[in-house]
Amino acid sequence: MKIDNKLLNKYNKKGPRYTSYPPATHFSEKYDDKDFINSVIKSNNENPQNVSIYIHIPFCPQICHFCGCTTESGFTKPFLERYVDALIKEIEFVSKYINNDRKLTQIHWGGGTPNAISLKYIQRITEKILMCFNLNDEYEMAIECSPAHLDYRHIELLKSYGFNRISLGIQDFDGKVLDAINRRRPKRPISKMVEKIHSEGFRGTNIDLVYGLPLQTVKNFNKTIEKAIDLNTDRIVTFSYAHVPSILPRQKILENIGFPSAEEKAEMYNNAYKKFTDAGYVPIGMDHFCRPDDEFYLALNNNQLHRNFQGYCTTRTTGQVYGFGASSISQLFSAYSQNVKNAAQYIKMINEKNTAVLRGYNLERNEKIIRDVINSVMCNYYVDFSEIAKKYESDSDEIKEIVGFDNEKFKDFVDLNFMKIENDKIIIYDSARLYIRNIAMEFDPLLNKKIGTYSKTI
């Protein structure tokens, strides 16, 4: 894909990443603990029926300057133990409102750096989850790990606890880039770690890369791409660095070093796309690549791929998400709910009332429809208005009206050969991948309200 600088200048504007709709910037603090419990009860009668759990461990030995996650450093062992106790208490309380006949299909651990805490705590929380929920035979239990805090024994223990997928947050293989973003270098060679993960019988391994970081060049990021391919993992994610210093002041530190230009970022992405696809990976959505036999690719072909705060996922595995821990977000069919972000405040609130809701959102019918359309754009590069209409017992004309569909709005994208419109269907081509957020934004009536701060699309 040739980079057109005029197109970059035109479309490289701020917009949501659409990990939810409405975006988290629209969540309201009027949504409280009672609303959350009511949402959980309501979710028992909504689809998908399968249960996904997200566990947030906010602690990091040191904070990376680029990171957009909710993290804390300088934690003590007694404080960590109180946090784990609170997590377990929250799980016990919320699980009482989730029908026991619903199957638990996914447990995902994020942070922070989950593997930086003692694994005995991970074991304890995992055992509590398995006591409170009915585990599906084909479950996925995944954990995000920093290579700087991962050792061979840790991999063995995680496997013994029931984990079957590990995600390695590599970001870049260049040590100078890692130093620039204040990220610790890997404890062991990444290749040896991946070999160990494979030998222990984990079902899946994915690695995360980030492009657009200080000191990255097109040339040295090419080397990172090639090293990633050599690892032969089943999934590779290439996140575009999101610079939002107004929300994350620590990112201002990176401005003193400087960033690659939008043109360089686009070239990094295009090179990654070509090299990964040449190596046999298939592109998923905006930034994921996987092997052709991966569940992601099968879901893509069946229009069962969707997107949430954890990235791309499948409706079979992920379902409705129930989040536990500080800052965690529950993503239910009809509501979103986010816990307080500060770990000490989270512990206090859980101990006082079993819940720690900061804000949330109850979705109306039209918002669910817009969510489905945007999700289809972002995930499947395809929209069938008549299919979505059937789900909501409506017709395609109403769906088009709700999302503000107008052929004229998409004329430029059609002329650029990014997409085509056929009656009730929209088909988006690979050439549009760099601009997929821009296409999705045309279906979003909330953008006119200009609520919140977003990163640039490229």
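Bear in mind that the values in this text are calculations on the coordinates, not laboratory data. Since this is a predicted model, take the numbers as computed values, not measurements. Glycine gets a Cβ as well: all are built from the backbone with ideal geometry, and neighbour counts include every protein chain shown.
Some observations on this one:
- Cα lying deepest toward the dipole's positive end in region 365-448, options CYS379, ILE428, TYR392, charges on Cβ: CYS379
- Simple Cβ-charge dipole of region 1-131, Lys/Arg +1 and Asp/Glu -1, about Cα centre, in debye nearest 20: 580
- For region 365-448, alpha-carbon Rg over 2.2 N^0.38 Å: 1.00
- Within the chain, the longest segment free of exposed loop sites, counting GluC sites (Glu not before Pro) that fall outside DSSP classes H, G, I, E and B and have at most 14 other Cβ atoms within 10 Å, spans 47-363.
- 3J(HN,Hα) couplings calculated from phi for region 116-124 with the Karplus curve 6.51 cos²θ - 1.76 cosθ + 1.60 (θ = phi - 60°) are, in sequence order, 7, 8, 4, 5, 5, 6, 4, 4, 4 Hz; Gly and Pro show x.
- Formal net charge of residues neighbouring ARG365 (Cβ-Cβ distance under 15 Å; K, R +1; D, E -1): -3
- Residue-averaged [θ]222 nm for the chain, counting only DSSP H segments that reach four residues, each worth -39500 (n - 2.57): -10500 deg cm²/dmol
- Dividing the Cα radius of gyration of region 268-321 by 2.2 N^0.38 Å, with N the residue count, gives 1.17.
- Put a plus charge on the Cβ of each Lys and Arg, a minus charge on the Cβ of each Asp and Glu, and nothing anywhere else: the dipole of the chain about its Cα centre is then about 1440 debye.
- Normalised size of region 64-213, defined as Cα radius of gyration per 2.2 N^0.38 Å with N residues, equals 1.11.
- Of all DSSP beta bridges in the chain, antiparallel share, percent nearest 5: 45
- Solitary cysteines of the chain, where the nearest other Cys Cβ is not under 4.7 Å: CYS60, CYS69, CYS132, CYS145, CYS290, CYS313, CYS379
- Largest first, the three principal axis extents of the alpha carbons in the chain are 60, 51, 41 Å in whole numbers.
- Pairs exceeding a 22 Å alpha-carbon distance, out of LYS30/LYS353; LYS77/LYS128; LYS103/LYS425; LYS77/LYS192; LYS77/LYS176; LYS223/LYS274: LYS103/LYS425; LYS77/LYS192; LYS77/LYS176.
- Cα gyration tensor category, rounded, prolate or oblate, for region 208-349 with a/c compared to 1.5: oblate
- Between region 216-267 and region 381-458, the alpha-carbon center distance in angstrom: 28
- Pairs from the table (LYS96/LYS341; LYS368/LYS409; LYS14/LYS34; LYS196/LYS227; LYS187/LYS275) lying more than 29 angstrom apart at Cα are LYS14/LYS34.
- DSSP loop trypsin sites (Lys or Arg not before Pro) with at most 12 other Cβ within 10 Å: longest gap in the chain: 97-449
- Residues with amide H under 5 Å from that of TYR31, placed H, sequence gap 5 or more: GLY360
- Residue exposure sequence - VAL414, VAL403, VAL218, VAL210 - by fewest surrounding Cβ within 10 Å: VAL414, VAL218, VAL403, VAL210
- Remark on TRP109: its backbone amide H falls under 5 Å from those of ILE55, ALA142, ILE143, GLU144, a criterion applied only to residues 5 or more positions apart or on other chains, H modelled at 1.01 Å from N.
- Pairwise Cα distances in region 287-418 exceed 23 Å in 49 percent of cases.
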